[in-house]
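Everything on this sheet refers to the single structure shown next.
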Amino acid sequence: MADSSFDIVSKLDQQEIDNAINQTQREISQRFDFKNTGASIERSGDHGVEISANADDRASAVLDVFKDKLIKRQQSLKVLDAGEPRQSGRESKISVELKEGISQEQAKKVGKLIRDEGPKGVKVQVQGDELRVSSKKRDDLQAVIALVKGQDYDFAVQFTNYR
């Protein structure tokens, strides 16, 4: 019998991120507390979001609305790496980086956890920015998924290609 396997990845759902940004734009254009503050949110490249307003607290409030929209769309807040509000002329801006992929160091940490605490006979391979976990028994793979979900990593974790 062939091995069963799945991949542990950390990927962004670009469509859901765009939807959250659009909903945030709509909400800040309609809310009374954002009137005449120059509050805006927009994409900056593939892995960035730029938030601007006329005061630090308004820019932070836009970031909170954006986080709320991401949560409602079942996206992990661990993909966000928000900077501190900075002054840019009369405006206050916040740069938000969207993190994607698992670094080598993080992959080693997850692999060590699976080897130490996971079921015997489970193999872990690092493949670029994802991990491939394989085993003869599907029950062992389910146990590994439960083990990894139970940990609190500083990156979002998804499980793909379960076969």
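What follows draws every value from the coordinates through simple rules; no lab data is involved. Remember, it's a predicted structure, so these values are computed and weren't measured experimentally. A quick note on method: Cβ atoms are made from the backbone with ideal geometry, for glycine too, and the neighbour counts reach across all protein chains shown.
A few comments on the model shown:
- By the Stokes-Einstein formula, at 1.002 mPa s and 20 °C, the chain with its Kirkwood radius over alpha-carbon pairs has D equal to 121 µm²/s.
- Distance from region 144-159 to region 1-37 (C-alpha centre basis), Å: 20
- Added length on full extension, which subtracts the Cα-Cα distance from 0.36 nm per residue, ARG115 to SER88: 4.8 nm
- Overall form of region 14-98 per C-alpha gyration tensor (a/c, 1.5; a/b vs b/c): oblate
- Under 18 Å from LYS93, Cα to Cα: lysines that are on another chain or at least 8 residues apart: LYS35, LYS67
- Options VAL62, SER29, VAL144, ranked by Cα towards positive dipole end of the chain, top entry (Cβ charges): VAL144
- Order of THR160, THR24, THR37 under a 10 Å beta carbon neighbour criterion, fewest first: THR160, THR37, THR24
- Net charge, ILE114 excluded, C-beta distance under 12 Å - Lys, Arg +1, Asp, Glu -1: +4
- Over the chain: helical MRE at 222 nm, DSSP H runs n ≥ 4 each giving -39500 (n - 2.57), nearest 500: -12500 deg cm²/dmol
- Between GLU100 and LYS123, the simple spin-label model (points 7 angstrom out along Cα→Cβ) gives 3.0 nm.
- Counting neighbouring beta carbons within 10 Å and listing from fewest to most, the residues ILE51, ILE114, ILE71, ILE102 come out as ILE71, ILE114, ILE102, ILE51.
- Counted by neighbouring Cβ atoms within 10 Å, the residues ASP13, ASP139 run from fewest to most as ASP139, ASP13.
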